[in-house]
Amino acid sequence: MRVATSALPLPIPEGDKSPDMNMPLALVIDDEPDIRELLELTLARMDIESRSAADIGQAKNLLAQNQFDLCLTDMKLPDGNGIELVEYIQQHHTELPTAVITAHGNMESAISALKAGAFDFVSKPVDLQMLRNLVTAALKLNHQRTPHSGNNDLQLLGCSEIMEATRTKIAKLARSQAPIYISGESGTGKELAARLIHEKGPRSDKPFIPINCGAIPGELMESEFFGHKKGSFTGAVASKAGFFQTANGGTLFLDEVADMPLHMQVKLLRAIQEKAVRPVGEPREIPVDVRILSASHKDLASQVKEGIFRQDLFYRINVIELHLPSLRERPNDIPLLVEHILEKLAIQNDIPKPALCTDALEMLQHYPFPGNVRELENTLERAMTLCENNMIHSNDLQLKTIESSEKTQEPSEAPLEPYLGNIEKATITKALDKTRYNKTAAAKLLGITFGALRYRMKKLGLE
């Protein structure tokens, strides 16, 4: 039961619902009575009760006496600042989402609040629609226990201590709206981590839009990101929404953000800071509500020093960093990953799941895997094609060939996936030559089913 306090809530306007114990309860902290009244009135119209405080001391008393669902606090208070209150709530009321109200344009304070654990921020003068969006998202956290999609394939596998810590951090980051920068080597699962943050958070019922920033031609990038108006340029035969509008209410994942050209970095920074975009040919900006997650296998800090990446944008997207460990940092997770990957590949190819010999497993656990989990999956997929009697031996993995190749070639000179594909193609071609292109006999020679051989040939362009 909630306990009444000396700080009385604002009377709810006539025609609105009477407060009851099923209504959410919000804590509002601001030393300006007009701001408190505006926030309380906005909350009341959303069927949310509120208690108000003028300083941190009053707020702590209310926190001790009530079970709140949401906290809105000003940054500057008579007896401290909003960040101090955010830190206090993180220690004593860990499940309470807290949003900070900052002065207009003071991004440094907003970022400091997010780093301290704030759910989100809103700038003065308060945009009421943005405030309502923020409140709605925050309240979802109190009712969300499982990912919205229920997609069991979205999981970072591994029982190692470092993976347990990574999953714990992802769950915590999902409860925030702070921009997250996901770092790690290629193949460590950065997009999967981004999807998990989205699916476990309050935006899970809205779109998740992944973008490979290095795959979009520079001349089309502004139109792709922000949209365009019909007739704004040659070829614009119809108006088109950009990635930001498509992801509105959801999450925008900027993969390989280090590859974004400088002229777009400026526009992206403005879109993130102003929470608005201007489509090509449009005279006005359009408000958007998007959470930004970004990733790169490159060292962004070094890119900033070299002048390739803007420092202000780096500061804005790297509010909190999530680092994904390489596979060689967690070799004890390899047996679990192998079982999962083999089962998945067997289902995809409609073939029996092969067994892995002890010598093959030992070789996998001692191999450095520069391509990480993605390389492990490619290695096992190739081994399934090469193995006989549905049993994978160490020689089926062909890891020694890769190791010797790495001594003479840099990864940039010999991309891993084409290299592995060439080995597989050569092996299948050799089997077909031996059997005079009798596919049934070639499949038997390779120790795989006829259907599996057809699948591999089609994938490799051998048909």
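Per-structure values
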read-out	value
Qualifying positions in segment 232-247 - crowded, with 19+ Cβ neighbours inside 10 Å and more than 15 Å from the chain's Cα centre (by Cα)	Gly242, Phe243, Phe244
Qualifying positions in segment 171-191 - within 29 Å of Pro368 (Cβ to Cβ) and among the hydroxyl-bearing types (Ser, Thr, Tyr)	Tyr181, Ser183, Ser186, Thr188
Residues being touching a helix residue (DSSP H, G or I) at 6+ places or on another chain (Cβ under 9 Å), assigned to a loop (DSSP other than H, G, I, E, B), more than 19 Å from Lys190 (Cβ to Cβ) and not small (Gly, Ala, Ser) - total across segment 288-312	4
Pair list, Cβ under 9 Å, 6 or more apart: segment 227-239 residue over 11 Å from Arg278 (Cβ atoms), other residue open to solvent by 80 Å² or more (accessible area, probe 1.4 Å) and in a strand (DSSP E or B)	Lys230/Lys240
Scope segment 76-95; condition crowded, with 21+ Cβ neighbours inside 10 Å and under 19 Å from Glu40 (Cα atoms); matching residues	Leu77, Gly82
Which numbered condition Lys353 misses (of (1) within 30 Å of Ala295 (Cβ to Cβ); (2) open to solvent by 80 Å² or more (accessible area, probe 1.4 Å); (3) touching a helix residue (DSSP H, G or I) at 6+ places or on another chain (Cβ under 8 Å))	(1)
Filtered residues of segment 311-328 (kept if among the polar types (S, T, N, Q) and open to solvent by less than 10 Å² (accessible area, probe 1.4 Å))	Ser326
Count of segment 358-369 residues which are part of a loop (DSSP other than H, G, I, E, B) and buried (at least 16 other Cβ atoms within 10 Å of the Cβ)	2
Any hit, segment 202-223, residues being within 21 Å of His297 (Cα to Cα), part of a loop (DSSP other than H, G, I, E, B), modelled with pLDDT under 95 and out of contact with any Asp or Glu (no Cβ under 7 Å at 6 or more places or on another chain)	yes
Residue count for segment 260-298, restricted to those that are among the charged types (D, E, K, R) and within 18 Å of the chain's Cα centre (by Cα)	3
Residue count, segment 313-338 (criterion: in contact with a helix residue (DSSP H, G or I) (Cβ under 9 Å, 6 or more places away or on another chain) and within 14 Å of Ile292 (Cβ to Cβ))	9
Residue match in segment 140-147 (condition: at pLDDT below 95, open to solvent by 10 Å² or more (accessible area, probe 1.4 Å), over 16 Å from the mean Cα position of the chain (by Cα) and closer than 21 Å to Val288 by Cβ)	yes
Residue selected from segment 263-287 under the condition in a loop (DSSP other than H, G, I, E, B) and either over 18 Å from Phe253 (Cα atoms) or of a type in the set (Ser, Thr, Tyr) (or both), by the criterion least open to solvent (accessible area, probe 1.4 Å)	Pro279
Where Asp47 falls short, out of the listed (1) in contact with a Gly (Cβ under 8 Å, 6 or more places away or on another chain); (2) surrounded by fewer than 21 Cβ atoms within 10 Å (Cβ to Cβ)	(1)
Top-ranked residue in segment 378-436 [being among the β-branched types (Val, Ile, Thr) and more than 24 Å from Thr358 (Cβ to Cβ); ranked as modelled with the lowest pLDDT]	Thr408
Residue count for segment 50-93, restricted to those that are among the polar types (S, T, N, Q), in contact with a Gly (Cβ under 9 Å, 6 or more places away or on another chain) and modelled with pLDDT under 95	1
Any hit, segment 248-260, residues being free of Cβ contacts under 8 Å to residues at least 40 places away in the same chain and assigned to a helix (DSSP H, G or I)	no
Criterion violated by Pro24 - all others in (1) touching a His at 6+ places or on another chain (Cβ under 9 Å); (2) modelled with pLDDT under 95; (3) of a type outside the set (D, E, K, R) satisfied	(1)
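Here is a yes/no grid of residues against (1) open to solvent by less than 50 Å² (accessible area, probe 1.4 Å); (2) touching a residue at least 40 places away in the same chain (Cβ under 8 Å); (3) closer than 28 Å to Ile272 by Cα; (4) more than 29 Å from the chain's Cα centre (by Cα):
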residue	(1), (2), (3), (4)
Leu25	yes, yes, no, yes
Asp30	yes, yes, yes, yes
Leu39	yes, yes, yes, yes
Arg51	yes, yes, no, yes
Leu62	yes, yes, no, yes
Phe68	yes, yes, no, no
Pro97	yes, yes, yes, no
Thr102	yes, no, yes, no
Asn106	no, no, yes, no
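The values are calculated or read from the model by the stated rules, or taken from the named source; none is laboratory data. Only a predicted model underlies this, so the values are computations on that prediction, with no experimental measurement involved. As a convention, Cβ positions derive from the backbone with ideal geometry for all residues, glycine included, and neighbour counts pool all protein chains shown. Ligands, DNA and RNA are excluded from the accessible area calculation, which covers all protein heavy atoms including side chains. Shrake-Rupley method; radii C 1.70, N 1.55, O 1.52, S 1.80 Å.
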